[in-house]
Amino acid sequence: MQGVEASWWSVVLLLVSLKASPCLPQDSLPECICASDILSCTDANLTGPPSEMPVSTVTLDLSHNRLQQLEGGGFEELYRLETLRLSHNQVSAVHPGAFRNTSRLRHLDLSSNQLRALEHHFFLDVPMLEELLLFDNRIVRVESRAFAGVSGLKKVYLSHNLLTDFPFFSLHSQPHLSTFDLSSNRLNRLPLQDISNLPMILQRNLYLHNNSLVCECAMFSLFRLWEQQGFPR
Ligand SMILES: *[C@@H]1O[C@H](CO)[C@@H](O)[C@H](O)[C@H]1NC(C)=O
Ligand SMILES: *[C@@H]1O[C@H](CO)[C@@H](O)[C@H](O)[C@H]1NC(C)=O
Ligand SMILES: *[C@@H]1O[C@H](CO)[C@@H](O)[C@H](O)[C@H]1NC(C)=O
């Protein structure tokens with residue numbers, strides 16, 4: 001009797017392990033590697049997302065390609081997407097609805113691209129975004145409502161851009177933000193009142209070194225804090 005039970009269980013286990021592969025037949029995505037819920041299409045000379053992607057994709061890596069624009073609805077079938085890597089492309093335009101239907105997205109890497117501005121519509125469809133990598137672009141302007149639709153933001157990296165000012169007051173409504181990196185930009189004056197109104201955890205983790213800050217008396221306390229933390233001015 002025990003032998004029958006054991007073989008019955010092995011059939012169940014076999015059926016479980018034969019669960020259909022979420023990957024499409026390899027022929028339809030020759031430039032990508034699919035590993036269950038990860039789709040990796042790096043360094044493949046792509047100018048846009050592949051036309052057929054498995055709807056079960058949770059992590060999509062399109063870094064090191066030649067994307068120039070993110071079109072509206074480009075990822076809309078991937079409603080389970082949580083991580084999207086787009087670094088080292090030439091993205092200069094993010095069209096309205098670029099992240100439509102990917103409302104579970106939590107990690108977005110747009111570093112090392114050609115963005116010049118962060119506009120209010122960019123992140124409207126990704127309210128759960130936690131980590132946003134935007135370093136090494138050409139950003140000169142961040143609209144004050146750029147992060148307004150995102151309520152779970154934790155870490156934002158904007159270093160190595162061309163910002164001369166930044167709407168610090170727009171960060172007051174971000175309760176979970178704990179790291180904000182604006183180092184290596186061209187900021188020369190800081191709105192100290194707006195900064196001192198930010199939550200203390202954010203003030204401590206606001207990275208502003210290597211800008212062109214003009215020294216004013218009121219800034220000495222900030223400078224002292226950075227010195228204690230070992231940052232160059
Ligand atoms: C990349 O694609 C372009 C055409 O879109 C082609 O001219 C170029 O040779 C390709 N580069 C490589 C390395 O395959
Ligand atoms: C959008 O997401 C829903 C699930 O939330 C999915 O059923 C639907 O197919 C997606 N839309 C498109 C155009 O793929
Ligand atoms: C400081 O910022 C300049 C541009 O403003 C950049 O070229 C340089 O690499 C930065 N230095 C460091 C140590 O990051």
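The values are calculated or read from the model by the stated rules, or taken from the named source; none is laboratory data. Computed from a prediction, not measured in an experiment: that's the story for all the values here. Cβ coordinates were reconstructed from backbone atoms using ideal geometry, including for glycine residues, and neighbour counts include every protein chain displayed. Ligands, DNA and RNA are stripped out before the accessible areas are found, and what is left, the full protein with its side chains, is counted by its heavy atoms. Shrake-Rupley method; radii C 1.70, N 1.55, O 1.52, S 1.80 Å.
So the values come out like this:
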quantity	calculated
Residue 71 - accessible surface, heavy atoms, 1.4 Å probe, Å² rounded to 10	110 Å²
Pair residue 51, residue 106: separation of 7 Å Cα→Cβ label points (nm)	3.4 nm
Globularity ratio of segment 25-228, using Cα Rg and 2.2 N^0.38 Å	1.10
Average accessible surface area per residue within segment 25-228, 1.4 Å rolling probe, Å²	47 Å²
Rounded to the nearest 10 Å², the accessible area of residue 194 at probe 1.4 Å	40 Å²
For segment 97-110, Karplus couplings with θ = phi - 60° (6.51, -1.76, 1.60), whole Hz, Gly/Pro x	x, 4, 10, 4, 6, 10, 6, 8, 4, 10, 10, 10, 10, 10
Estimated FRET transfer efficiency when R0 is 41 angstrom, pair residue 201-residue 44 (beta carbons, to 0.05)	0.55
Estimated FRET transfer efficiency when R0 is 30 angstrom, pair residue 178-residue 138 (beta carbons, to 0.05)	0.70
Cα-projected label distance for residue 170 with residue 145, points at 7 Å along beta-carbon direction, nm	1.0 nm
Extension gain from residue 188 to residue 79, taking 0.36 nm per residue of separation minus the Cα-Cα distance	35.1 nm
